[in-house]
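What follows draws every value from the coordinates through simple rules; no lab data is involved. It should be emphasised that the depicted structure is a prediction, and the values quoted were computed from it without experimental measurement. Note that each Cβ is placed from the backbone with ideal geometry, even for glycine, and that neighbours are counted across all protein chains shown.
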Amino acid sequence: MKIVVCVKHVPDATADRTFTEDGTTDRASVDSLLSELDEYAVEQALRIAESGSDVQVSYLTVGPDDAKDALRKALAMGGDSALHVADEDIEGSDVFATSLVLARAIERHGFDLVLCGMASTDGGSAVVPALLAERLGVPAVTHIEELTVEDGTVTGRREGDSATERVQGTLPAVVSVTDRSGDARYPSFKGIMAAKKKPLETLGLADLGIDAGQVGRTAARSAVDTATRRPPRTKGELVSDDGTGGVGLAAFLTAKKFA
Amino acid sequence: MAEILVLVDHTAGVVRKPTLELLTLARRLGEPTAVLLGPGADTATEVLGRFGAHKVYLVDAPEVEEFLVTPAVDALAQIAEGTAPAAILLPSGPDGKEIAARLALRLGSGLVTDAVDITVGADGRPVTEQSAFAATYRVTAQITRGTPVITVKPNAVAPEPSPVTPELEKRDITFGPVSTAVRVLSRTPRERGDRPELTEADIVVSGGRGVNGAENFALIERVADTLGAAVGASRAAVDAGWYPHSHQVGQTGTQVSPQLYLAAGISGAIQHRAGMQTSKTIVAVNKDADAPIFELADYGVVGDLFQVLPQLAEEIERRRS
Ligand SMILES: Cc1cc2nc3c(=O)[nH]c(=O)nc-3n(C[C@H](O)[C@H](O)[C@H](O)COP(=O)(O)OP(=O)(O)OC[C@H]3O[C@@H](n4cnc5c(N)ncnc54)[C@H](O)[C@@H]3O)c2cc1C
Ligand SMILES: Nc1ncnc2c1ncn2[C@@H]1O[C@H](COP(=O)(O)O)[C@@H](O)[C@H]1O
C-alpha cells in the first residue's frame, strides 16, 4: 500500500506572524516548521506502516526551498521517501492552485491513501483535503479522530458540525486527522541520522504538466484588499485577590451589565 | 434582485442560529433563498421565512443523511446551475467548509472561509472580513472569479427578522458515484443540554488546567449558570478528560466571539487565544500574575480560582436578591 502524507511548512504559530505588503504571509521574518497538526497525519501513516506489511510512506510538500525542512522532520519521525514541489511561479497560490499541484504530484507518485492534517496552522482554511479528493475523484474521510485502515476500507470517528459520526469509505481515499487521533512521536537520534539518507526528490511545475498561469497570484480566485493589525487589546485592571477578589469581579461584571 | 443561496444548518427541521445570521447577511447582497437538505421542511419553513428567505429549495433524499458531506455538494451545484445566484453562503463548520470548497471548485468560483462579516463593495459584489494569525489581523478580501462562495462564522451579525412567506420548491438531485462513497454508519447528535451553545452564547465561562479535576468543573458550571453562560474548556482540560471536546475553545476546538469571556485557570497560550481573542470583554482569574491571559483581560484577578469563583457566584446572587 502506498501512503502519501501531505505536510506543510508554516511560520511558527508562537512567533509574531505578519503579512507582507501584498497581503501574503510574511515567511521571511519568523522561523518556519512542520505544521504541528500535520505531525498527527505522519503519526497515523507510521502506525499503519507498522501494523501492516508492504506499506510505503512518502511525504509531499508544496512550498519554497526551505519547505524541505518539513520533509526532513517527517522523515526523521519515520517513513521512506519525500517529494518537494518548488517553483517560483507557485508563490502566492490560493487553495485551488495548491490543491492542483498536490493532486498532480500525488497522481504521478501513485497512492492508495492520502493523509492530511485537519488544517494548516497558518492559512488554516481546512479545505485542502476536500479539494484534493474532489480533484483526485476519490472519497474524502475528513476530521477523523480515531482511524482504522484495513481490508481496503477506512473507518473513523468524526466530530461533525452537530453530531459525532462513525463514517466509512473505501480506498483509494483522502483522509484528514485531528489532533485527537493519537500523540505524534518525537524523532529519535537514529531517526534523524537515517532521514539524511532517505530519498528526497524535488519537482517543478513542468514535471507535473502544470502551466505557470494555472497557479500563483494571477490564478488566485480571490484578492486581499487590506490586512490590518488589530489594535492590541489594552491591558485592563489587574487586582490581587486580598480576600475580596470575587466581590470585585462581580462589581466589574455588574457595571458592565453582564450580571 | 439576484438570489443569494443559503445552506440551512438544521437537525430534523430545527434551524440553528447561525443560519438566521446567514439570512440576515444575505439580505445585504440580494434576495435570500434557502437550501434545506433532509427532512424537517414543515418545521423549518416558517423560521426561514421569518428571517427573509423568499424561497426554500427542498432536497429530501435519503442520500443526504446516509452519506458524508458530498451529497450536499451535488445538491447545491445543481440548484446553483439553474438559478445563477449572486453568492452562496454556508455555515463555517467542518461540514460547511468542505461543502463550500468542493462546490467552488466545481463551479469554477472563488472561496472565502471563516468570514466574520460581509459588506457590499462598490461594484455590488461581496467584500468579506476574516481574522488571521490567531485573530491578531483583520483581512478584507474580494472573490474575483465566478459566484462567490463564502462560509461565515457564528456570531458575525445579530439575526434580524424580515418576514416573508417562502415559496417551496422540491428539487430532485442526481448524486454522483463519489457522493455515495463515504457512508455514515452512525450519527449521535451532540447533547444540547440546558446551557446555551458555545458558538451562540453571549457569555462563555471557561476552565483550564487550573481547575484541576473533572469534579471541579461543577464550579465552572455554577458560575456559568449564574451568568446564563455556556461552558468552555482549554485543550489541557479536555485532554485530561475533565470536560468533553465539544466544549474546547481554541485553534482546534471552537472559536467563540461572545460579549463576555471569563477564563479561569487558563494560561492563555496562542492556540487558546486563537479561539477567544475577538471576545468583546475578557476577564481572567489566574494565580500567576504573569500569565499571558492577563495581557488580553479587561479585568483580571490574580488569585486562587477556588476562592474567587465561589465568591463571585455568591456576590452575583446576593446582588440579585
Ligand atoms: C497544534 C496545537 C493546537 C492546539 N489547540 C488548542 C486549542 O484549541 N485550545 C486550547 O486551549 N489549547 C490548544 N493547544 C494547547 C495550548 O498550546 C496549551 O497547551 C493549552 O491551551 C494550555 O491549557 P491551560 O491554559 O488550561 O493550561 P496551562 O498552560 O497549564 O495553564 C494553567 C493555568 O492555570 C493557572 N492555575 C493553576 N491553578 C490555579 C488556581 N488554583 N487558581 C487560578 N489559576 C490557577 C496557572 O497559573 C496557569 O496559568 C494547542 C496546541 C497545539 C500544539
Ligand atoms: N502547501 C502544502 N503542502 C503540503 N500539504 C499541504 C499544503 N497545504 C495544505 N496541505 C495539507 O492540507 C491540510 C489542510 O490544509 P489547509 O486546507 O490549508 O488548512 C494540511 O494539514 C496539509 O496536510
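Sorted ascending by nearby beta carbons within 10 Å, beginning with the fewest, B:Val249, B:Val127, A:Val149 become B:Val127, A:Val149, B:Val249.
How much net charge surrounds B:Thr70 when only other residues with a Cβ under 12 Å from its Cβ are counted (Lys, Arg +1; Asp, Glu -1)? Charge balance near B:Thr70 sits at -3. Computed over segment B:39-157, relative contact order equals 26 percent, with contacts defined as Cα pairs under 8 Å that lie 6+ residues apart. Can you tell me the orientation of helix A:245-255 relative to chain A, as the angle in degrees between its alpha-carbon axis and the longest Cα principal axis, to the nearest 10? Compared with the principal axis, the helix lies near 90 degrees. For the protein assembly as shown, the normalised intensity computed at q = 0.08, 0.13 Å⁻¹ comes to -0.55, -1.43 (log10 of I(q)/I(0), Debye sum over alpha carbons, equal scatterers, no solvent). Packing order of peptides A:37-46, B:157-166, B:55-64, highest average first: A:37-46, B:55-64, B:157-166 (average count of other Cβ atoms within 10 Å over each peptide's residues). Rounded to the nearest 0.05, the FRET efficiency derived from the C-beta distance between B:Glu191 and B:Lys280 at R0 = 30 Å is 0.60. The listed peptides A:98-104, A:151-157, B:4-10, ordered by packing as a protection proxy, come out as B:4-10, A:98-104, A:151-157 (highest mean of other Cβ atoms within 10 Å first). Scattering from segment A:165-246 was approximated by placing one identical point on each alpha carbon and applying the Debye formula without solvent; log10 I(q)/I(0) at 0.16, 0.21 1/Å stands at -1.11, -1.08. Each label point was placed 7 Å from the Cα along the Cα-to-Cβ direction; for B:Ala122 and A:Ser81 their separation is 5.3 nm.
Its alpha carbons give segment B:134-232 an Rg and a Dmax of 20.9, 54 Å.
Among residues other than A:Leu147 with Cβ under 11 Å from its Cβ, the summed charge is 0 (Lys and Arg +1, Asp and Glu -1).
Mean partner shielding of peptide B:100-111, defined as the number of other chain Cβ atoms within 10 Å of each residue Cβ, is 5. Over chain A, dividing the summed -39,500 (n - 2.57) contributions of all DSSP H runs of at least 4 residues by the number of residues returns a 222 nm mean residue ellipticity of -8000 deg cm²/dmol. When the alpha carbon gyration tensor of segment B:46-94 is reduced to an equivalent ellipsoid, its three semi-axes come out at 20, 15, 12 angstrom, largest first. Counting Cβ atoms of other protein chains within 10 Å of each residue's Cβ and taking the mean over peptide A:134-141 gives 5. Name the residue, out of B:Ala87, B:Ala218, B:Ala134, whose mean-square fluctuation peaks in a Gaussian network model built on chain B with Cα pairs under 10 Å. Among B:Ala87, B:Ala218, B:Ala134, the largest mean-square fluctuation in the Gaussian network model of chain B belongs to B:Ala218.
Taking the number of Cβ atoms within 10 Å of each Cβ as an exposure proxy, the fewest-first ranking of A:Phe258, B:Phe51 is A:Phe258, B:Phe51. When B:Asp194, A:Asp65 are arranged by Cβ crowding within 10 Å, least crowded first, meaning fewest neighbours, the order is B:Asp194, A:Asp65.
The mean number of partner chain beta-carbon atoms within 10 angstrom of a residue's beta-carbon across peptide A:175-183 is 2.
For chain B, the C-alpha radius of gyration sits at 1.07 times the compact-globule guess of 2.2 N^0.38 Å, with N the residue count. Relative contact order of chain B: 15 percent, from C-alpha pairs under 8 Å at least 6 residues apart in sequence. Panel note: the C-alpha atoms of chain A, placed on their principal axes, show extents of 66, 42, 39 Å (largest first).
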